[in-house]
Structure formats: structure tokens, C-alpha cells
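Colleague: Please read through the structure below; I'll follow up with questions.
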Amino acid sequence: MLSCSTREQPAPVVEIYQGKTFRDFQADTFDGKKYTVQKGDTLFSIAWFSGNDYRDLAKINHIKTPYNIFPGQIISLRKQETASKSNKNQQTGQTSKIKSNQPVDPPQKQAYGKSEKNVNEGSIVPSVGEFPNQVSQWIWPTSNVVTSMFSATEAGNKGIDFAGNGGEPILAAADGKVVYTGSALRGFGNLVIIKHSDAYLTAYAHNDKILVKEQQWITSGQKIATMGKSGTDSVKLHFEVRFKGKSIDPLIFLPKK
């Protein structure tokens, strides 16, 4: 969710693009091995919509803090694509499309949605039968009432929302590793993202207190945060399930009540 900014916190600042937030853009699944950086990208946003951990992308591509990336830079998204090869190609001009040696927009102008829409164009949404076996069991992140359902429309809700009271527990929906905690992504408030397999991520937004740390392994049902209203006007939990960056209706996964 690595940016062009200098920071010591787990994630970069990701602001709106032309008056829009991440909710204004539809994410599709992404299976590509490489991505060309667009103006307004951050390493974190590329990781989010391609279903990766931003640290993995930094390691693969030998990108060091403060994680500067540049328009036209080729980012390898899979481990088998070595950064040395990519960097060598860029230096020799064999495959490079770099148009500028200036980092992408500064934090106050960084976009999330623009590149998400571009990189995922033409991808295919998986059927239920294609879901991987690594996620053996899903549970509800809270027992509270669902107040807003998932919508696949372009500007629709990319998850489900739960009502609640401040301080109520939020639980991990499946085993996994915490890949992001913070409040840098506009529209999410205090956010936790958990990676459950190579394909699956879950996001828990608008938290009051975050009780886990990045890179921490957690178990299904573990308390990861408390409910709050950060980034919104009322206490709620916004919960998303993503398959390779594609927003999927969480009710497909959650057990019937």
C-alpha cells in the first residue's frame, strides 16, 4: 500500500486522484508478472491492486527506503522476475520505458485508483471453483449486523459494512500474515490488511485501535483491532476480501449464519 515520500511508518500517504478515492475505481484480478509505473503510483498501491505485500515488491526489485519509484519504471510482481535483470534492461535501454528520472507525485498528490484501473484492464474474475485451498476456513470478523452490502458497480461498495459500538472486537477472518497497518489510504481510516495466501487478502477499515503489527502471523478469530469510526462519520467495520486484487463479495466466503 511505498511511495516516493520519505517515511518511517509502515505505509505511504495515498491521496485522492482528481477528486476521487479508491472507492471510485473498479479493481479486477491481476495475473501479470510486470507493471509499468504510472504517474501517481506508489509501491503500496501497486502491491494492493496486484495482491502483493509491498515489502515483497521492494525486495524483488531492490527498492530501498524511502521506496522511490518513477514513471515508466518496470516493477517485477513475481519472485521469478529478478530485479537485477529488470534493472539491467532499464539501464541498457533494452526494455525500459522510463520517461522521467523524477519520482512520481509527492505524497499530497499521490493517486491510488488511476493505476489500479489501468493495470487490471481485461482481466478475468475467477469462479468460486477456482478459489485456492490454502484458505481452509473463513469466519465472520464480527457478529454485528451487516448494514451495507457488496456492490460490483464501478462506484459501489467493494466490501460489506457492519454496524457496531466503539471498542468492540474485530477478528481475523482467516489465518494469515499482517501485511499492512496504518491510516495512509484515504477512505479506510485505521486499516489492517491480512494476506491469507498468494491470492487472497482481507482488509478491515475504520478501526479505533489496531492490536497487531505488520509481519505478524495471526490465527483465524484472533482479535486484531477494535471497532471505531476513523475515516468515516459513524462507528462501523468495512470489510473486504480480495482475490489477486479483485474485490469479491465477502458473503461468498463467510459461513451461513
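Every read-out reported here was derived from the displayed coordinates using simple, explicitly stated rules and does not represent laboratory data. Just so you know, these numbers come straight off a predicted model, no measurement behind them. With ideal geometry, Cβ positions are generated from the backbone for all residues, glycine too; neighbour counts draw on all protein chains shown.
Colleague: Considering all projection directions equally, how large on average is the shadow of the alpha-carbon convex hull of the range 152-257, in square nanometres?
Modeller: 6.5 nm²
Colleague: Calculated FRET efficiency, residue 148 and residue 33, Cβ-Cβ r, R0 30 Å, to nearest 0.05?
Modeller: Between residue 148 and residue 33 the formula returns 0.25.
Colleague: Rounded to the nearest 20 Debye, what is the dipole magnitude of the range 128-252 about its Cα centre when Lys and Arg each give +1 and Asp and Glu each give -1 at the C-beta?
Modeller: Once rounded to the nearest 20, the dipole reads 260 debye.
Colleague: While we're looking at this one, here's another question. Return the distance in nm (one decimal) between the two label points of a simple spin-label model at residue 198 and residue 252, each offset 7 Å from Cα along Cα→Cβ.
Modeller: Using points 7 Å along Cα→Cβ, the separation is 1.9 nm.
Colleague: Ranking request for peptides 154-167, 209-222, 230-243: highest mean number of other beta-carbon atoms within 10 Å first, then the rest in descending order.
Modeller: The densest-packed peptide leads the list: 230-243, 154-167, 209-222.
Colleague: Work out, step by step, the length gained on full extension between residue 219 and residue 137: first 0.36 nm times the residue separation, then minus their alpha carbon distance; give nm to one decimal.
Modeller: Full-extension gain reported as 28.4 nm.
Colleague: Fully extended, how many nm does the chain gain between residue 165 and residue 209 (0.36 nm per residue separation, minus their Cα-Cα distance)?
Modeller: Details: separation 44, 0.36 × 44 = 15.84 nm, distance 1.30 nm.
Additional length available on full extension: 14.5 nm.
Colleague: What's the extension gain from residue 233 to residue 56 if we count 0.36 nm per residue and subtract their Cα-Cα distance?
Modeller: Values: separation 177, 0.36 × 177 = 63.72 nm, distance 3.42 nm.
My answer for the length gained is 60.3 nm.
Colleague: Report, by chain and number, residues whose modeled amide H sits under 5 Å from the one on residue 36, excluding near sequence neighbours (fewer than 5 apart, same chain).
Modeller: HN-HN under 5 Å from residue 36: 75.
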